[in-house]
Amino acid sequence: MWGGRFAVGPAKIMEEINASIDFDRKLAAQDIAGSLAHVAMLAQQGVVEAADAEAIARGLNEVKGEIEAGTFTFSRALEDIHMNVESRLAEIVGPAAGRLHTARSRNDQVAVDFRLWVRDTIDALLLQVEGLQRALALRARDCAGMVMPGFTHLQSAQPVTFGHHLLAYVEMLGRDAGRFRDARVRLNECPLGAAALAGTSFPIDRAATATALGFDRPTANSLDSVADRDFALEALAAAAISATHLSRFAEEIVLWTTPQFGFVRLSDAFSTGSSIMPQKRNPDAAELVRGKTGRVVGALIGLLTVMKGLPLAYSKDMQEDKEGVFDALETLSLCLAAMTGMVEDLTPNPERMKAAAGSGYATATDLADWLVRTLKMPFREAHHVTGRIVALASERGAALESLTLADLQSVEKQITAEAFGVLGVERSVESRTSYGGTAPANVRAQAEAWLTRLGG
């Protein structure tokens, strides 16, 4: 490759550490798309003769076909996807292939390839995120009135509905989608034509190549064009946050499927067994989603660490950008698919949820609110009175609704039998009608709104 300057080839260990073709072959389609746009522009600008440009374009499409058919031979000696494609192109079209690299460098070439790959992947991830949102919203609509315990500190807090709980993840995923869309807007500038770092003296039309590749505009600074990996970092940051959301949901599925909770059941399609304990049903899909989050977060930290000390412009350290991004975004895609499958597969147990919702004095806040509304008691005083009533119930091992009116009046004599009307879990959730609250009517409306927004 470097015969003009180097007299001998690289040491074996140098080839081992330097070659990237084992992973950057993923950029083949983007690399060829960038080259087709580049050579078309060179011909348009009169930098390359039309006949040579046509031959190069035909050759590139032939290389693309070979790669898609699986008949292309990748060579580690040629280091990367760019040189592999160019070498094969030369075999097909001859010396004209050497004109393709006019007015560009591998620095701007890999930058545009990588941006195209990340952009394509973001588009695919957005469809998956919306698919999971749709599955959750459909479930939420169906389970809008299904009462379950809401937790803080993993302690029973107040009754909510299963639909309301699921919609919380729809909101999280909505923010994830927003972050990916924002990242896509910022990455959609074309670095092609920045060349090695300083631009080029050839009369190129960078706006033409940007338009041909679907970018909004060319990047404005040639140094930044080849040195920037913000687009990859932003995609990884969005992916890490999204994977964290999936991990939280996966953890809840793991808890809910235990005999101790018993809130939901996953079918055999999303469960595995034990090699020694025949009774086991393990929620391994959820556990793997939870575990794979570490890979996505780790990729973000890894790339931040690579970039943190690099002077402008390009350094070979930046070859370490791609493997982590490839793995992280593909891992997130797999996790989104698995989570969507689990949401569609799970069977809730409304009786078990309702029973759990009534435990732990979860309607104590409803009683305190009743004291404020009906007896005009300051909330802090109502909180204190309710706490004493809960303590009385706890001493007797009884639920709040099992106490007698005399029991309640022994703590606060103004309490009337009307107070018992707020102690049921259904009444509790129905009363939470504030915007964003868990009242079944709210949940149905929010689910329908999301389904309308998602187009399904």
Quiz prompt | Reference-scaled alpha-carbon Rg (2.2 N^0.38 Å with N residues) for the chain | solution = 1.35
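How large is the dipole of segment 12-102 about the Cα centre if only Lys and Arg carry +1 and Asp and Glu carry -1, each at its Cβ, rounded to the nearest 20 debye?
60
Translational diffusion coefficient of segment 360-423 at 37 °C, 0.692 mPa s, Stokes-Einstein with Kirkwood Rh over Cα pairs, in µm²/s as a whole number.
This corresponds to a translational diffusion coefficient of 289 µm²/s.
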Quiz prompt | Helix 440-454 axis, angle to the chain major axis (alpha carbon atoms, nearest 10°) | solution = 10
Practice problem: Quick one: divide the alpha-carbon radius of gyration of segment 214-306 by 2.2 N^0.38 Å and tell me what you get. | Solution: 1.63
Exercise. Enter the accessible area per residue of the chain (Å², integer; probe 1.4 Å; all protein chains in place).
Key: 46
Exercise. For LYS26, go through the lysines and keep the ones whose alpha-carbon is under 26 Å away, minus same-chain ones fewer than eight residues off.
Key: LYS12, LYS64, LYS292, LYS308, LYS316, LYS322
Self-check item: Size of electric dipole in the chain: Cβ of Lys, Arg +1 and of Asp, Glu -1, about Cα centre, debye, nearest 20
Solution: 1000
Quiz prompt | Using θ = phi - 60° and Karplus 6.51 cos²θ - 1.76 cosθ + 1.60, couplings along segment 18-26 (whole Hz; Gly, Pro as x) | solution = 8, 5, 10, 5, 4, 10, 7, 4, 4
Quiz item: To the nearest 20 debye, what is the magnitude of the charge dipole of segment 369-454 about its Cα centre, counting +1 on the Cβ of each Lys and Arg and -1 on the Cβ of each Asp and Glu?
Solution: 240
Exercise. Show which lysines lie in cross-link reach of LYS376 when reach means a straight Cα distance below 27 angstrom and same-chain residues fewer than eight apart are skipped.
Key: LYS413
Quiz item: Along the charge dipole of the chain, Cβ charges K/R +1 and D/E -1, which of MET377, PHE202, SER359 sits furthest on the positive end?
Solution: MET377
Quiz item: So what's the angle, to the nearest 10 degrees on a 0 to 90 scale, between helix 364-375 and the longest Cα principal axis of the chain?
Solution: 60
Practice problem: Would you kindly derive the ³J(HN,Hα) couplings of segment 291-300 from the backbone phi angles with the Karplus curve 6.51 cos²θ - 1.76 cosθ + 1.60 (θ = phi - 60°), listing them in order in whole Hz, with x for Gly and Pro? | Solution: x, 5, 4, x, 5, 5, 4, x, 5, 4
Quiz item: For segment 109-123, in order, what is each residue's ³J(HN,Hα) by Karplus, 6.51 cos²θ - 1.76 cosθ + 1.60 with θ = phi - 60°, in whole Hz (x at glycine and Pro)?
Solution: 5, 5, 5, 6, 4, 5, 4, 4, 5, 5, 4, 4, 5, 4, 4
Quiz item: How much of the accessible area of the chain, probe 1.4 Å, is carbon plus sulfur, in whole percent?
Solution: 54
Quiz item: What nm value, rounded to one decimal, do you get for the distance between ARG352 and LEU392 when each label is placed 7 Å out toward the C-beta?
Solution: 3.5
Quiz item: Could you give the angle, 0 to 90 degrees to the nearest 10, between helix 162-187's Cα long axis and the longest principal axis of the Cα atoms of the chain?
Solution: 20
Quiz prompt | Under 5 Å, built H, 5+ apart or other chain: amide partners of VAL160 | solution = MET148, GLY150
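The values are calculated or read from the model by the stated rules, or taken from the named source; none is laboratory data. Given the structure is predicted, the values throughout are model-derived calculations rather than measurements. Cβ coordinates were reconstructed from backbone atoms using ideal geometry, including for glycine residues, and neighbour counts include every protein chain displayed. SASA here: full protein model, heavy atoms, side chains in, ligands and nucleic acids out. Shrake-Rupley method; radii C 1.70, N 1.55, O 1.52, S 1.80 Å.
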